[in-house]
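Read the structure below first, then the notes.
Read the figures in this text as sums done on the coordinates, not as results from a lab. It should be emphasised that the depicted structure is a prediction, and the values quoted were computed from it without experimental measurement. Please note: Cβ atoms are built from the backbone with ideal geometry, for glycine as well, and neighbour counts cover all protein chains shown.
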Amino acid sequence: MLEGPVAACEVLEAGIALDEVYVDADAWGAAAHGSALRRAVEAALAAGTPVWSLAPGVLARVSDTVTPQGLVAVARRRPVGLPELAARPGPVLALVDVADPGNAGTLVRAAEAAGAAGVVFAGASTDPFGPKAVRAASGSLLRVPVAEAADTASVLEALRASGRVLVATVASGGAPPEALDLTGPVAVLVGSEAHGLPTEVVAAADVGLTIPLAASVESLNAAVAGAVVLFEAARQRRLVPLRDAHPAARTDWTTDPVADRLEGR
């Protein structure tokens, strides 16, 4: 269930079909021409999506938000298998026991914005299709490949079998993100908000990554930390053509076996 006209518009503009759209009658009557609500309804009708008008107050009773935005859309889930997701270009984001749906949805949206291959919800992570996660991800949830697997060990095995290097985000002791080559096939592992990644997951990873912080800050929100790493990987990918055109500008990784592996040497 997608709440709000902006999320509905994003999905429709991406060419993804909605099953149905429900609009609060009062909100529709008060909506100005050119407003997000009007645009969403017009786009839905143009796509052949059934649009239903609801009596005032009905939407508020079925919506998960305190202040409904006048529109709710229903779409089919689009989960994918882990092998299919891992075969796509770009980094894979693996969430391990990430319980907060707001963080999870934000990370899905960050993954799309940073050009990630997709997001894996592993272990005891929240339901990616729950209302709060959907709201935080907005339309990204239906555009970014999302896989689910309760067994974290099998997720790590599948990601490694696909040729990806496992990069564990840890609070301390890891390399700063700019010191690692994240342009190749990597999987970024992000742990729970309270405890981070389980020790066995960190031990199974190929390399640890720690975001440098000011001394007074102990740790970052899981969504912020994951987004920082994803956008560092995107920055590095943008620099690849420049690096290849000017070989002398390349960083010498030959003294670091982990970085050598990350570069595919």
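Numbers for the structure displayed
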| quantity | calculated |
| --- | --- |
| Dipole of the chain [Lys/Arg +1, Asp/Glu -1 at C-beta], most positive-end residue of LEU197, VAL11, ALA187 | VAL11 |
| Relative contact order computed over the chain (Cα-Cα under 8 Å; 6+ residues apart), in percent | 18 percent |
| Cα gyration tensor category, rounded, prolate or oblate, for region 113-161 with a/c compared to 1.5 | oblate |
| Vicinal HN-Hα couplings computed from phi for region 190-196 (Karplus, 6.51 cos²θ - 1.76 cosθ + 1.60; Hz; Gly/Pro x) | 10, x, 5, 5, 8, 10, x |
| Label-point gap, in nm, between VAL74 and ALA215 - each point 7 angstrom along Cα→Cβ | 5.8 nm |
| Karplus-derived HN-Hα couplings along region 92-99 (A = 6.51, B = -1.76, C = 1.60, θ = phi - 60°), whole Hz, x at Gly and Pro | 9, 9, 10, 9, 10, 6, 7, 8 |
| Electrostatic dipole magnitude of region 94-232 [Cβ: Lys, Arg +1; Asp, Glu -1; Cα centre; debye, to 20] | 380 debye |
| Gaussian network model of the chain, Cα within-10 Å springs - most flexible of THR210, THR169, THR126 | THR210 |
| Computed over region 2-74, Cα set: Rg, Dmax in Å | 11.0, 31 |
| Highest to lowest packing among 138-149, 24-35, scored as the average C-beta count within 10 Å | 138-149, 24-35 |
| Full-stretch length increase - HIS33, GLU200 - with 0.36 nm per residue and alpha-carbon distance subtracted | 54.6 nm |
| Net charge contributed by nearby residues that have their C-beta within less than 12 Å of GLY139 (K/R +1, D/E -1) | 0 |
| Magnitude of the charge dipole, region 2-74, Cβ model with Lys/Arg +1 and Asp/Glu -1, debye to 20 | 160 debye |
| Per-residue ³J(HN,Hα) for region 102-116, Karplus 6.51 cos²θ - 1.76 cosθ + 1.60, θ = phi - 60°, Hz, x for Gly and Pro | x, 4, 4, x, 4, 5, 4, 5, 5, 4, 5, 5, 8, x, 6 |
| Residue-averaged [θ]222 nm for the chain, counting only DSSP H segments that reach four residues, each worth -39500 (n - 2.57) | -11000 deg cm²/dmol |
| Projected label distance in nm at GLU193 and ALA161, using a 7 Å step from Cα toward the beta-carbon | 3.4 nm |
| Ranked packing of 175-181, 38-44, most packed first, by mean Cβ within 10 Å | 38-44, 175-181 |
| 15 Å beta-carbon shell around PRO212, net charge (K/R +1, D/E -1) | -3 |
| For LEU54, distant residues with modelled amide H under 5 Å away | VAL23, ASP24, ALA25 |
